[in-house]
1. Can you compute the helix-only [θ] at 222 nm over the chain? Use -39500 (n - 2.57) per DSSP H run of at least 4 residues, normalise by all residues, nearest 500 deg cm²/dmol.
2. Mind checking which aspartates and glutamates have their Cα closer than 12 Å to the Cα of Lys378? Skip sequence neighbours fewer than 8 apart in that chain.
3. Return the label of the correct value of semi-axes √(5λ) of the Cα gyration tensor in Å, as calculated from the structure shown, out of (1) 58, 33, 20; (2) 96, 17, 15; (3) 32, 27, 24.
4. Between the helical axis of 294-307 and the dominant principal axis of the chain, each derived from Cα atoms, what acute angle in degrees is found, rounded to the nearest 10?
5. Placing +1 on the Cβ of each Lys and Arg and -1 on the Cβ of each Asp and Glu in region 240-324, which of Trp258, Ala290, Asn247 has its Cα farthest towards the positive end of the resulting dipole?
6. Cross-link candidates for Lys324: which aspartates and glutamates have Cα within less than 16 Å, leaving aside residues fewer than 8 places away along the same chain?
7. Find me the longest stretch of the chain that has none of the exposed GluC sites (Glu not before Pro), where exposed means in a DSSP loop (not H, G, I, E or B) with at most 14 other Cβ atoms within 10 Å.
8. Can you tell me what share of the DSSP beta bridges in the chain is antiparallel? A percent to the nearest 5 is fine.
Amino acid sequence: MKKRFIAAIMIFLLLAALLASCNSGGNTDTSSAVSSENSDTSETVSTPKWEYDPEIPETFDGEGKDFTFLVVGGDNEAYHSVDIGSWGEVTPDVISEAVQERNDFIEEELNIKIVVEYQLGGNITTYIRNMVDSNDDTYDVVMPFINDASALAMDGYLIPLADGETLNLEGVWWDQNANEQLTVGNVLYFTTGDISMLDNDCTQSIMFNTDLVSELNIDDPYELLKSGDWTIDNMISMAKTATVMNNEFAPTSYKNRWGLHINVNGATGMYIGTGERLTSKDNEDYPQIALGTSRAATAFSKIYELMHDSSYCIIIENYNDEAKGDGFVNCYRAAAEQIAKKNALFRVMSMSDTDRLLEYDCNYGILPMPKLDSNQDKYYSLVSTLAVPGVCIPTTNSDLERTGYILDAMAAKAKELVTYAYYDVKMKNRIANDQNARDSLDIIFDSTVYDLGVVYDWGSIRSFINNAATASSNTYTSQLDAAKTSIQAAIDQTVEDFKKDS
């Protein structure tokens, strides 16, 4: 009996040991499974460092050295470069934060220190000349306004950008319109793109009051834009409908409700919008006068008639004294208020002028310049390069390989961060706050025109259309005949200078 009891106890203990062993094994397996499961869930999906990959070699190391930009800026400067570094209070917070985030990323990723120094726009070219003449290699990249950069290029102070073999000029972060149109003899000395925002700010366009369109029950300009029928004639028709003269004001007063406010420079912008050019290029990529075609004369005549038809159009500069007498800083501020308060239908402007409408509670839209007619292939938007910084490499730069990689990295990250802040937040979400306006902005910025005549101003060709359009009579052909000789002589000299250096 006792033996059977002991045997039973032993069997019980053996079973208990087996159960303990099984439980121990099970716990081990479960622990392993849990550990494995936790390991799987704790893995994070890696976010790519680059939304737009500049393909910088993994071996690249900036060794913590400075990479120095010289840009336009100063207390008395109307247009500051705020896209390489911030300039005081002129930089909107959303832009400043994006620029800083980009710079922090590039400094850490490439192991460099970004340094930004400023010069006034009127001084920067002289400063660059003196720097190069004294073999001062402080600056890796200089960014004068494009029109000033043209003189530096002609005089041999800049390196062709293609000489920097690591610089990927075909990258989506560079403006391909600028790359194609700013060459002379197939050589590109300066360009722009996502590394800068002033090219967008200085693009010409038209704003309109959307509420006034609805109240007048006229054609929706956005629908005309989509169908390809946003033309000068259709704009004029709507402007005439919108114009109302108020007996309280003089017939020339801006306080009447005008269909169209246009600034003097808007004449050239509208001319470029018709698909015409001040200059074109020959088969060797050298500039030539483009003003002499019959279509150019037709386009100009349409613009001349528009600017002189006081039944619907008023020239903004003509009411500067009246506007200042009414307490405005200048006529351009007054023009913005007329759009905001539904006292104007259309206003020709640069993109930077849209900032003024943030001061008002109003609904407005943005359009490219109208076509000459519906047969025109596409819309075109002039960039006023007078205040657009150009990315330039001075001849004192001795490390083009390093410069190319860093510029691509800066521009690529700017496309992801800074352009988003400017375009998608500042412009689309804050200013152009509907889908039609967003689509219109895409058309405007995709159709930019960099006319070499505006850049180099051969024989004062830059102001030719503006001056002819505001003359007391339409003498386009005779004015062109009188100007051709000096324009062509200046072009020939530029071509000779570039061929000499090639």
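Throughout, read-outs are computed from the coordinates displayed, never taken from laboratory work. Note that the structure is predicted; figures quoted are calculated from it, not measured. Glycine also receives a Cβ, built like all others from the backbone with ideal geometry; neighbour counts cover every protein chain displayed.
1. -13500 deg cm²/dmol
2. Partners within reach: Asp229, Glu276, Asp446.
3. (1)
4. Taking Cα atoms only, the helix is inclined about 80 degrees.
5. The residue sitting farthest along the positive end of the dipole is Asn247.
6. Glu337
7. It works out to 285-502.
8. 50
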